[in-house]
1. Using only Cα atoms and rounding to the nearest 10 degrees, what angle (0 to 90) does helix 48-66 make with the longest principal axis of the chain?
2. Around residue 43, with a cut-off of 10 angstrom between Cβ atoms, what is the net charge of the other residues, counting Lys and Arg +1 and Asp and Glu -1?
3. Carbon and sulfur: what percent of the chain's accessible surface (1.4 Å probe)?
4. In deg cm²/dmol and to the nearest 500, what is the mean residue ellipticity at 222 nm of the chain if only DSSP H runs of at least 4 residues count, each as -39500 (n - 2.57), divided by the residue total?
5. Measure nothing but the geometry: give the 0 to 90° angle between the long axis through the Cα atoms of 76-85 and the longest principal axis through the Cα atoms of the chain, rounded to 10°.
6. Return the distance in nm (one decimal) between the two label points of a simple spin-label model at residue 31 and residue 2, each offset 7 Å from Cα along Cα→Cβ.
7. Using Cα positions and a limit of under 23 Å, work out the lysines in reach of residue 67, with same-chain residues fewer than 8 apart set aside.
8. Which of the trypsin sites (Lys or Arg not before Pro) found in segment 1-65 are in a DSSP loop and have at most 11 neighbouring Cβ atoms, other than their own, within 10 Å?
Amino acid sequence: MISELRQKSQITIPKNIISKLGLNEGDKLEISEKDGIICIMPVVVYPKKYLEKLQIEITEAKEKISKKNQPIFKNIDDLIKKLEEN
């Protein structure tokens, strides 16, 4: 499909592509160029505090795994119960 570059460097992404990717107004897109090719990739932006908390949780989980202190669940229902307790 061909899109026209308009005033203020704007383009319209065809609706079928928007639908196929499940994009909505306000979604963030990363735009880059490599070897003359323009790449547009959907991205998710998380607050820095969320990412810091996630990094701490990952570090703690890795420590538990290395110490063989990570809980093992018999089935998904037991896992969900444990998650709901937290």
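1. 40 degrees
2. Working: positive: 28; negative: 27, 30.
So the surrounding residues net to -1.
3. Details: 4860 of 8710 Å².
Answer for the chain is 56 percent, counting heavy atoms of protein chains only.
4. Working: 3 runs with 36 residues, N = 86.
Helices in the chain give a 222 nm mean residue ellipticity of -13000 deg cm²/dmol.
5. Value to nearest ten degrees: 90.
6. Reported label-point gap for residue 31 and residue 2 is 2.0 nm.
7. Answer for residue 67, where 23 Å is the Cα cut-off: 53, 82, listed by chain and number.
8. Values: sites: 6, 8, 15, 20, 28, 34, 48, 49, 53, 62, 64; in loops: 6.
The qualifying sites are 6.
The values are calculated or read from the model by the stated rules, or taken from the named source; none is laboratory data. Just so we're clear, the structure is a prediction, and the values are computed from it rather than from any experiment. Every residue, glycine as well, gets a Cβ built from its backbone with ideal geometry; the counts of neighbours run over all protein chains shown. SASA here: full protein model, heavy atoms, side chains in, ligands and nucleic acids out. Shrake-Rupley method; radii C 1.70, N 1.55, O 1.52, S 1.80 Å.
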